[in-house]
Structures are given as C-alpha cells and as structure tokens.
Protein chains: 2
Amino acid sequence: MKLNYPDGRVFHNNRPSKPSLNTSAKKKLIFGDRGMTLEEEINESNKYYRSHDMAVIYKKPTPIQIVKVDYPKRSKAVIKEAYFRQASTTDYNGVYNGYYVDFEAKETKNKNTFPLKNFHQHQIDHLRMCQKQGGICFVIIKYVTLKRYFVMPADDLFVHWDAQKHDGAKSIQLKDIVDCSIEIKANYDPTLPYIDAIQQLIESGKEK
Amino acid sequence: MKLNYPDGRVFHNNRPSKPSLNTSAKKKLIFGDRGMTLEEEINESNKYYRSHDMAVIYKKPTPIQIVKVDYPKRSKAVIKEAYFRQASTTDYNGVYNGYYVDFEAKETKNKNTFPLKNFHQHQIDHLRMCQKQGGICFVIIKYVTLKRYFVMPADDLFVHWDAQKHDGAKSIQLKDIVDCSIEIKANYDPTLPYIDAIQQLIESGKEK
C-alpha cells in the first residue's frame, strides 16, 4: 500500500522486508542502486552514523492530530481517526561533533531545473531561525534520473527563494545548484556520506 | 477526551481553547498557575524562546505506525487505523546559541522520591549518544505537588540509572535531585525559564 502525505511525499508501509543476504551481497545490492528513496537513503546513513558514534541524526515523525482511539481488551490501543498536520520544522535534525545540524531532503525526477515549490515557507523560516542560532543548515537534493546528490547550504537556498519575489523564477537551474553545493556520491556504509559535506561546510565557515 | 499514550503520558485533544484575555490578565493567569502540564509549560516556553530569537527547540511528534488511510472526495485524508510506536529518542531537541540541546521532561506527584521507571532505556541510550557528540543533555523534572522544577544534567541521571543494577534503588531522593540539579521557578514570559539553566550548564562545563 502507498500513502500520500499532504505535502506529496509517498509513504510505503508494507514494503516487503529486505531479503536476508550476506554482507558482500548486501553491499553490492545497495551500491548497485536498489531504488531506495532519498528518505530511505538518509535513514540508512543515519543508522550507520549512529552505530559508528559519528552523529546522532533522526528524521522526525510525521505530526498527526489524533481524534479517536480505541482501547481493545487484551490488545494495544488503536487510533481510529486521525489527520495529518502541517509540520512546523524541517524533517531532519540532530548533533554532529558538537554542531546542531538541521536539514530538509527533496528529490526531483527533472533533469535540469529544481522546482522551488518543493519547499514550503515554514521550512525556509525554520532553517533561517536555526541558522541564526548557529546551526549547520542545508538541504539535500537528489536528482533521481541523473543519480546525482547535492548538499546545498541554506544560505544559497534563501537567495533563490527570495529571488522568486523579484524575478519570478519558479525553479533553480542545475548549474546554479552545482555552483553553490557540495556534490556527494551514493555509496555503501554509509549509503549517502553527507556528513563529509557537513564537515566541509563547517571548515569553510571557519575560514570566513 | 483524554488519551493515554503507551508510556503513561496523557494526551488532551479537546481541551477548550484559551479564553481571549488582554496581556496583563493573561500573565496573571499563567503566573497564577492554571494547572498546565509540564509538556504545556515547556511548549509555551519554546514558543517564547522562538519568538524572541533565543532558541529553536520543539517537542517531537509522537511516532505513529499508519496502516490505513481513507481519501474521501473533496475532503482531507483520514487515518482510519494506526498504532503508537515506541520512540527512539527523547521528546525535545533543538539549538541554543550554537549548542545542540536534547532533553526529556517528566513529572511526578510524589513529594519526595522520583521513580526511575519514569525513564526508559532508549531515552538513556539516546541522551548518552547525544552527550558523546557534544550535545547539552538533561532532564526537566517537575514535582507537581511541590510545584518545584529541576534541570538535572544527564550525567547525574546516568549515575542513578546505573546504580539501580547494583543497589537496586528504584527511585531518586529529592535531596539528591536538589544536590545535583539547577532549580528553576515557574514564571511568565517564558513560563519555564529553562534556558537560564542551560546557560549555567554550559558555563560550568567550560570551567572543567
């Protein structure tokens, strides 16, 4: 079954469990791109980073407004009526080496432009506030068709977001993303080594 | 309606909306203790801290396993079957002045001992991991009957948690909490000024 979140993300809840494989076969399978969503790739990477004491970063649960719950006898509580709520924040946050890390992840099937409508005002506002408090803020953009991944600093996202009002541009060009972002390569252990990009952001921040 | 979360917290979803009051009446009402839960007091404080650019800290949504969703025509999606999931983390995290902040909040009606069963192993594990990454980690404890609030550093919680195995102590004595914690007073603007305690924790950490 597939569920569509109000913001257009797709939620898979009965994806078949992974086949049991030995480690090298598993690595090959992951490395060979088994068609994970960006969210799955980041969740896998976060597991790797936690298990290696490198960072503690989680995806936040989807906020739900609960209206009705049943408490069947000898069985666990069942939510019978609930609604998706609009989130106030981005999806991911955590701590890396003393730094607060906050980001949003978005994917597109486009081969060139990245539509700004993928972002919501509350995500931009939240990233701005976290950045003001000294957090390391960015977005991870995946070009699904191109199989390219970019870590784009929040500052550069803000420039494009704000420019919409003046120039009416509804999207960011790939070449602009390439110019301002750190490109990362999908891999195994971790699936998506985005901490390397965070480290670069921190170092470039220190040079300023 | 009241909902009981699996971990014993109580969820109020149809609490009457606050009466519209002018600011001084509102302050008096809040200051005069209108019986907010600790969660409500922290959420109010977080709103204050965000609106004053002092910190960006949120309570995480309760994790839910969604099984069935209806998409009625001309109406928003309704979740028809879902279950409470065990959280992997603590309830609160965010950023304050460049620091990653992570904590759990617990209240007791006891007047002396604080039962350790209020905490779960996954919360202790998560606090340890965040602390290792340089986060500021603690718990906020509210003695409801005594109207006393304590910010207890995670390190001290770990000592009591680990001691259980050896001395079998199932709770922490109030005097021990007083000894190792920073006491904060309920107030207005913010309702619970726990950032003051975080600042003290940071300063005492620097002295070491």
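The values are calculated or read from the model by the stated rules, or taken from the named source; none is laboratory data. From a predicted model like this one, the values you see are computed outputs, not experimental measurements. FYI the Cβ positions are ideal-geometry reconstructions off the backbone, even for glycines, and counts take in every protein chain you see. Note: areas computed on protein heavy atoms with side chains; ligands, DNA, RNA excluded. Shrake-Rupley method; radii C 1.70, N 1.55, O 1.52, S 1.80 Å.
One-quarter of the Cα convex hull surface for the range A:32-176, in nm²? Walk me through the intermediate numbers first.
Working: hull surface 49.3 nm².
The Cα convex hull of the range A:32-176, projected and averaged over all directions, gives 12.3 nm².
Among A:127-135, A:48-56, what's the highest-first ranking by average C-beta atoms within 10 angstrom per residue?
Highest-to-lowest ranking by the protection proxy: A:127-135, A:48-56.
Starting from the coordinates of the alpha-carbon atoms of the range B:151-200, obtain the Kirkwood hydrodynamic radius over all distinct pairs and give the value in Å to one decimal. Let's see the in-between values first.
Values: mean 1/r = 0.0814 Å⁻¹.
Roughly 12.3 Å, rounded to one decimal.
Of the DSSP beta bridges with both residues in the range B:85-204, give the percent that are antiparallel, rounding to the nearest 5.
Numbers: 16 of 24 bridges.
Close to 65 percent.
Using heavy-atom solvent-accessible surface (probe 1.4 Å) with all chains present, what is the largest-first order of B:K147, B:K117?
Numbers: B:K147 130, B:K117 165 Å².
Solvent-accessible surface, decreasing: B:K117, B:K147.
What is the ratio of the Cα radius of gyration of the range A:40-113 to 2.2 N^0.38 Å, where N is its residue count, to two decimals?
On the way: Rg = 17.4 Å, N = 74, 2.2 N^0.38 = 11.3 Å.
Relative to the rule-of-thumb radius for its length, the range A:40-113 sits at 1.54.
Kindly state, to the nearest 0.05, the FRET efficiency for A:N112 paired with B:R128, given R0 = 45 Å and r defined as their beta-carbon distance. Working shown, then result.
On the way: r = 46 Å, r/R0 = 1.01.
Once rounded, the FRET efficiency stands at 0.50.
Once B and A are treated as a pair rather than alone, how much accessible area drops out, both sides summed, in Å² to 100, probe 1.4 Å? All intermediate terms of the calculation are to be shown ahead of the outcome.
Values: alone 12790 and 12810 Å², together 21620 Å².
Counting protein atoms only, the buried area is about 4000 Å².
Please list 3J(HN,Hα) in residue order for the range A:51-58, calculated via the Karplus relation 6.51 cos²θ - 1.76 cosθ + 1.60 where θ = phi - 60°; whole Hz, with x for glycine and proline.
The phi angles translate into 5, 9, 6, 9, 5, 10, 10, 10 Hz.
Just to check I understand the Karplus step: with θ = phi - 60° and J = 6.51 cos²θ - 1.76 cosθ + 1.60, what whole-Hz values come out for the range B:176-187, glycine and proline as x?
Running phi through 6.51 cos²θ - 1.76 cosθ + 1.60 with θ = phi - 60° gives 5, 5, 4, 4, 9, 9, 9, 7, 10, 10, 4, 8 Hz.
For a quick check of understanding: with a 1.4 angstrom probe and all protein chains in place, what accessible area in square angstrom does A:H160 have, to the nearest ten?
40
Relative contact order for the range B:125-199 using alpha-carbon pairs under 8 Å, separation at least 6, rounded to a whole percent? Walk me through the numbers before you get to the answer.
On the way: 72 pairs, mean separation 19.6, N = 75.
Relative contact order here is 26 percent.
If each residue of separation counts as 0.36 nm, what is the full-extension length gain between A:Y83 and A:K68 once their alpha-carbon separation is subtracted? Write out the running numbers ahead of the final one.
Details: separation 15, 0.36 × 15 = 5.40 nm, distance 1.04 nm.
Gain in length upon complete extension: 4.4 nm.
Mind grabbing the accessible area of A:S204 for me, 1.4 Å probe, Å², rounded to tens?
50
I need two numbers for the range A:92-208: Rg to one decimal and Dmax as a whole number, Cα atoms only, in Å.
13.9, 43
Inter-copy label distances at A:K185, 7 Å along the Cα→beta-carbon direction, one decimal in nm, shortest first?
Sorted ascending, the copy-to-copy spacings read 6.1 nm.
Determine the order of B:V101, B:V159 by accessible area, beginning with the largest, at a probe radius of 1.4 Å.
From most accessible down to least: B:V159, B:V101.
Mind ranking A:S171, A:S88 by accessible surface for me, highest first, 1.4 Å probe?
If we order A:S171, A:S88 from most to least accessible, we get A:S88, A:S171.
Could you provide, to the nearest whole Å², the per residue accessible area of the range A:70-175 with probe 1.4 Å?
Working: 4980 Å² over 106 residues.
Ligands and nucleic acids excluded, the figure is 47 Å² per residue.
Can you tell me how much longer the chain between B:E183 and B:D155 gets when fully stretched, taken as 0.36 nm per residue apart minus their C-alpha distance, in nm with one decimal?
Details: separation 28, 0.36 × 28 = 10.08 nm, distance 1.64 nm.
Result: 8.4 nm gained on full extension.
How long is the range B:70-151 along each principal axis, judged by its Cα atoms, biggest number first, in Å?
53, 35, 25
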